[in-house]
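Here's the structure, in structure tokens; my notes come after.
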There are 2 protein chains.
Amino acid sequence: MTRIQGARERARDEITAAIKDEARRQLAAEGAARLSLRAVARSLGMVSSALYRYFPGRDDLLTALITDSYDALGDATEAALEASAAQADSHIARWQAVCRAHRSWALAHPHEYALIYGSPVPGYAAPASTTVSATRAARALLTVAAEAYAAGALRVPGTDGAARGGPDPEAKGAPSAPEPVLEDARELAERLGIGLPAPVVAELVAVWAQLAGLVSFEVFGQFERVVAAREKFFDHAAVTLARNVGLT
Amino acid sequence: MTRIQGARERARDEITAAIKDEARRQLAAEGAARLSLRAVARSLGMVSSALYRYFPGRDDLLTALITDSYDALGDATEAALEASAAQADSHIARWQAVCRAHRSWALAHPHEYALIYGSPVPGYAAPASTTVSATRAARALLTVAAEAYAAGALRVPGTDGAARGGPDPEAKGAPSAPEPVLEDARELAERLGIGLPAPVVAELVAVWAQLAGLVSFEVFGQFERVVAAREKFFDHAAVTLARNVGLT
DNA sequence: CTCAAGAGAGAGCGGTGCTCTCGAAATGGA
DNA sequence: TCCATTTCGAGAGCACCGCTCTCTCTTGAG
């Protein structure tokens, strides 16, 4: 239910947005650690104390930026998900499209990406309110896997000769995760409402972290004198991850 | 060539070490962003300006801590490498031992881990002097792969029916990375003196980033309400990564 | 129209990184 | 041994930070 906003309320929303915009600008220019309330206020022609009418403190402003970043990344990946659905490629191609969207957004907004997947700010712990936004980007990958599963284009790990004793390198299906991990996966699948077998969910969680690792390394410059053909490198790795999940 | 140190020089080294120790303590307690030169000086009974005789600035102190952290992580993984060589398990078991060492060190020193694999400090770019220390931890994994390759226990990607046209899910060997990536891999292999085929090196780089992703997610709390059986989860993922490299 | 609530300005607190100057102490060559 | 040079710690000070408090002015609901 959306109340009618008075002029005052509208002004408040606009100023709040202006503060966040300016903060985002400083974030992109200087990084999170150098984000300064006073500088933001100065740029907006306010005095610093006035800013505290809108955000209780620096950390809260940062939290707002984090939530927004999660949502922006979620928007990007969901858009890629829908676009890839339209042009109806293979499931692996869809997976790749979502991965690419993730990477592209991160490269375009490195400091915001650092905000959500970099080292957490000092003593700061992300409030529970961010978790909903946080799962959106991951869910796009889950969706690809779920649709592939529904279409029979997903090989569940643990199927196909992984059960018989020792490690068998010739087995077609990848070995499944051990039971305690599967238990976590079941719990997670239920909580998120995912219609996917536990071994797949377990693999998806791991792959999710690995994808973030690939993107983080690139965004944070760890590939500086290591990989030059970054796009092709990433695409290849993304397909490998898709195979690990069981996509065909 | 180690010169004989006068009393003065020795004192300087001791004080430098004391500063770094205290800084590390504050780092562990508060995180990098809250690391304060003045607080370090205060704890050491100095005045803040005296500290500038030892480090040109806060960033330089941070750089010293980063280098030390790289070395500590390198020590941990190399120790695991040697220990696993002694008890002579399978190559995958060695791989897993090195991965475990990496994870254990990271969990034991989360803030130092954040220093090296988290978001880079504001405008700060790691000086070239850190790169030697930086590669040490990665090299332990390279060594495992190289020894497995020498022992014939490594299947090179691109071998075994990946060359024929379209993607073949039944193929035993994983598909190789595309040519530009292989070119990067060759260059890297030569620069680091690695006796490993380019497709394997390419896979190792990707897997290296993915391993960091797994560890980072755990250290930074991203698995908080997602994975409970973290150790088993990690072990399973590490083995999957080993398989991606081609280890058998 | 009244009056409480909201919003901005300003001063001020303790903290930060960093610079500069000054005096004391250690060092090493004459 | 003596003395010039270097090294070091201390202190004051600058500009900035997050944050609080108070005071004034404006707004809008009753």
Item to check | Amide proton proximity set for B:LEU247, modelled H, under 5 Å, gap of 5+ | outcome: B:ARG155
Item to check | Radius 10 Å from Cβ of A:ALA85, net charge of other residues (Lys, Arg +1; Asp, Glu -1) | outcome: -2
Checklist entry - Which of B:LEU27, B:ALA50, B:ALA11 sits farthest toward the positive end of the charge dipole of region B:1-56, with +1 on the Cβ of Lys and Arg and -1 on the Cβ of Asp and Glu? => result B:ALA50
Checklist entry - Relative to the other copies, what are the label-point distances for A:ARG10, with labels 7 Å from Cα along the C-beta vector, expressed in nm at one decimal and sorted shortest first? => result 7.8
Item to check | Neighbour net charge for A:ASP71 - beta-carbon separation under 11 angstrom, K R +1, D E -1 | outcome: -3
Checklist outcome for this item: Highest mean packing first, using Cβ neighbours within 10 angstrom, the peptides B:102-115, B:198-211 sort as B:198-211, B:102-115
Next on the checklist: Let me confirm one metric for peptide A:229-237, namely the mean number of other chain beta-carbon atoms within 10 Å of its residues' beta-carbons.
Outcome noted: 6
Item to check | Cα centre as origin, Lys/Arg/Asp/Glu Cβ charges: the protein assembly as shown dipole, Debye | outcome: 1340 debye
Checklist entry - Helices from chain B with mean Kyte-Doolittle at least 1.0 and a Cα length along the axis of 15 Å or more, per DSSP H: which? => result B:198-219
Next on the checklist: Taking just the alpha carbons, could you work out the radius of gyration and Dmax for region B:71-245, both in angstroms?
Outcome noted: 16.9, 48
Next on the checklist: Please compute the length gained on full extension between A:ASP71 and A:SER90, using 0.36 nm multiplied by the number of residues separating them and subtracting their Cα-Cα distance.
Outcome noted: 4.2 nm
Checklist entry - Hey, got the dipole for region A:1-56? About the Cα centre, +1 on K and R Cβ, -1 on D and E Cβ, debye to the nearest 20? => result 100 debye
Checklist entry - Out of A:LEU241, A:GLY118, A:ALA177, whose Cα points farthest toward the positive end of the dipole of chain A (charges: +1 Lys, Arg; -1 Asp, Glu; placed on Cβ)? => result A:GLY118
Next on the checklist: Of A:VAL156, A:TRP95, A:VAL219, which is farthest towards the positive pole of the protein assembly as shown's charge dipole, taken about the Cα centre with +1 and -1 on the beta-carbons of Lys, Arg and Asp, Glu respectively?
Outcome noted: A:VAL219
Checklist outcome for this item: In terms of the alpha carbon gyration tensor, root eigenvalues a ≥ b ≥ c, rounded if a/c is under 1.5 and otherwise prolate when a/b exceeds b/c or oblate, region B:1-56 is prolate
Checklist outcome for this item: Rounded to a whole number, the mean other protein chain Cβ count within 10 angstrom for residues of B:181-192 is 3
Next on the checklist: Sort A:THR248, A:THR240 by Cβ crowding within 10 Å, fewest neighbours at the top.
Outcome noted: A:THR248, A:THR240
Checklist outcome for this item: The Cα extents of the protein assembly as shown along the principal axes, largest first and rounded to whole Å, are 80, 66, 40
Checklist entry - Where the only charges are on Cβ atoms (+1 Lys, Arg; -1 Asp, Glu), what is the dipole of region A:60-159 about its Cα centre, to the nearest 20 debye? => result 400 debye
Item to check | Label-point separation, B:ALA228 to B:VAL47 (7 Å along Cα→Cβ), nm | outcome: 5.8 nm
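No lab work stands behind these numbers, since they all come straight from the coordinates. Since the structure is predicted, the reported quantities are computational estimates derived from the model, not experimental observations. Cβ coordinates were reconstructed from backbone atoms using ideal geometry, including for glycine residues, and neighbour counts include every protein chain displayed.
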